[in-house]
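Below is one structure, written out as structure tokens; comments come after it.
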Amino acid sequence: MPRRFEIAAFAVLLVLALAAPSAARPLCGTPDALAGHLPDHAPTPTSSTGRESGKGLLYQPLSGRLDGKNVTVQWAGDDADAATAGVLVDALEAGWQALMGEQGWPAPAGGDDFLLLVVLDPSIEASGLTAEFAHDDVPEGAPVIYIHPDNIDNEPFFRSVAVHELHHAIQYRMRGSWAADDAEAWYWEASAEWAAERAAPDLDMYANSAQWFTQRPFARFDSQFNFHQYGMFLLNAWLEEEQAGPDAMRAVWERAGDGDPWDELLADVAGLDAPQLWAGFVGAVGQETLRESSLYMPVAVSGPVTGSLTEELPYLGARFYSADRDGRVRAEGDVLLTAPGGVGIEVPVESGDLVAAVGRTDGAVYTLAYVDADSDGGPEPPGGRACNGPAAALLLVGPLALVRRRITG
């Protein structure tokens, strides 16, 4: 049966996508670079420093060039101008200071001795992308950032994309091996979007990406369909704000070198198994307890929990429902429930609460239903007993805030 709530939410999503600053092109082309699809014109390595002091150049400079302390922004012919490059240098140097100078991230490979090359290139299809090239002076590979100069028409977006790509340059150094698939690339994008907020918090351009999760939470966690990966920055927001502290995303990347799956690395840092971690994150997004929840599009609600409801979810996908009366909601199937009253296979609800189901496996078929108030909770879920109520939820997901979000009107 069609889910009219999800269809309406998707229509809203489409309108917003068409109105977004990056509507003419995807936000980031780095996943394509991971797959080996590099810009047409690779930079030409050089053995000349190109500077009398400070950091040197790794590549032959283009005809247009503006250097900062850590980056060199360059362009060919009439592709850009010094004013556009100046905005980019300012954004990148500020991002460098925030990420490397204050937050403990390592510099991109080669960044201690050479200026990071940033090319203003109108030929790229994305708003920005970061690729890695072989270079004799940087054995692990030298990152190069490409930015579309037309982004200058929306300067806050231009600056935010620049910092997003700067974080990709860092990621190449920290992830020693990767594969060109959704399971790999989704967390690169989720991290770069959150890094744009951490490094440039006054811009708040990152918040526009929340819609890509909140309107399609039922997608598999690593989906890159309809820009879902950008909305997954919300996972990092929850991890740092409510679970593991402000260095949590960096801790994930510090464990990333051997290519372990991201869901396992995240679970390790959070001290939870992956479904518990996702339940905490999904609950916080639905209940709007994150620091800047007021900037994020609210979650799409699939419908009310009425009687008995059967659905299916992929691994770590989620679906939200509204409770239409007080009571307890129970899931039969391989999912975990999260609601203001707790996390488990059975949760207490009040009328108007949001309750979400999180898939524990791919193809998780489940049934939601109200149960009698005197239910004993039934069998234990995989990994331990169902956790209900505020105290139990705190034990399960640490400092997960139990603030109720009501559905009204």
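Against the list (1) touching a Phe, Trp or Tyr at 6+ places or on another chain (Cβ under 6 Å); (2) closer than 15 Å to ALA169 by Cα, the condition ILE147 fails is (1).
Residue check: ALA180 meets all listed conditions (1) touching a helix residue (DSSP H, G or I) at 6+ places or on another chain (Cβ under 7 Å); (2) open to solvent by 50 Å² or more (accessible area, probe 1.4 Å); (3) in a helix (DSSP H, G or I) but one, namely (3).
A count restricted to region 340-374 and to residues that are over 12 Å from TYR321 (Cα atoms) and open to solvent by 10 Å² or more (accessible area, probe 1.4 Å) stands at 14. Restricted to region 337-352, and to residues there that are part of a strand (DSSP E or B) and on the phi < 0 side of the Ramachandran plot, the residue that is nearest to the chain's Cα centre (by Cα) is THR338. Among the residues of this structure, LEU115 does not count as one that is in contact with a Pro (Cβ under 7 Å, 6 or more places away or on another chain) and at negative phi. Within the set of pairs 6 or more residues apart or between chains, which connect a residue that is closer than 21 Å to ARG319 by Cα and open to solvent by 30 Å² or more (accessible area, probe 1.4 Å) inside region 266-279 to a residue that is modelled with pLDDT under 95 and not polar (S, T, N, Q) with Cβ atoms less than 8 Å apart? Matching pairs, first to second residue: ASP273/GLY383; GLN276/GLY383; GLN276/LEU396; GLN276/VAL397. Between VAL358, VAL329, the distinction of being closer than 15 Å to VAL301 by Cα, modelled with pLDDT of 95 or more and of a type outside the set (D, E, K, R) belongs to VAL358 only. Residue under question is ALA386, and the condition is that it be modelled with pLDDT of 95 or more, buried (at least 21 other Cβ atoms within 10 Å of the Cβ) and within 29 Å of the chain's Cα centre (by Cα); does it hold? Answer is no for this residue. Once region 107-134 is narrowed to residues that are farther than 19 Å from CYS28 by Cα and crowded, with 20+ Cβ neighbours inside 10 Å, the residue that is nearest to the chain's Cα centre (by Cα) is ALA109. The set of residues in region 69-87 that are open to solvent by less than 40 Å² (accessible area, probe 1.4 Å) and closer than 19 Å to PRO43 by Cα comprises ASN70, VAL71, THR72, VAL73, GLN74, TRP75, ALA80, ALA85. Checking GLU292, GLU311 one by one, the residue that is among the charged types (D, E, K, R), open to solvent by less than 40 Å² (accessible area, probe 1.4 Å) and in contact with a Phe, Trp or Tyr (Cβ under 7 Å, 6 or more places away or on another chain) is GLU311 and no other. Taking every residue in region 240-262 that is more than 14 Å from LEU277 (Cβ to Cβ) and without any contact (Cβ under 8 Å) to a residue 24 or more places away in the chain and pairing it with any residue that is open to solvent by 20 Å² or more (accessible area, probe 1.4 Å) and among the hydrophobic types (A, V, I, L, M, F, W, C), at least 6 positions away or on another chain, the pairs with Cβ-Cβ distances below 8 Å are ARG255/VAL269. Determine, yes or no, whether GLU140 is free of Cβ contacts under 8 Å to residues at least 40 places away in the same chain and open to solvent by 10 Å² or more (accessible area, probe 1.4 Å). So GLU140 fits the description; yes. Of everything in region 146-177 that's among the basic types (Lys, Arg) and in a helix (DSSP H, G or I), which residue is most open to solvent (accessible area, probe 1.4 Å)? The qualifying residue most open to solvent (accessible area, probe 1.4 Å) is ARG173. If I filter region 129-138 for residues that are assigned to a loop (DSSP other than H, G, I, E, B), modelled with pLDDT under 95 and not hydrophobic (A, V, I, L, M, F, W, C), do I get at least one hit? Within region 129-138, one or more residues are assigned to a loop (DSSP other than H, G, I, E, B), modelled with pLDDT under 95 and not hydrophobic (A, V, I, L, M, F, W, C).
The set of residues in region 193-211 being free of Cβ contacts under 8 Å to residues at least 24 places away in the same chain and more than 22 Å from GLN171 (Cα to Cα) consists of ASP202 alone.
The values are calculated or read from the model by the stated rules, or taken from the named source; none is laboratory data. None of the values given here were measured: they were computed from a predicted structure. Glycine gets a Cβ as well: all are built from the backbone with ideal geometry, and neighbour counts include every protein chain shown. Note: accessible area is taken over every heavy atom of the protein model, side chains too, but ligands, DNA and RNA are not part of it. Shrake-Rupley method; radii C 1.70, N 1.55, O 1.52, S 1.80 Å.
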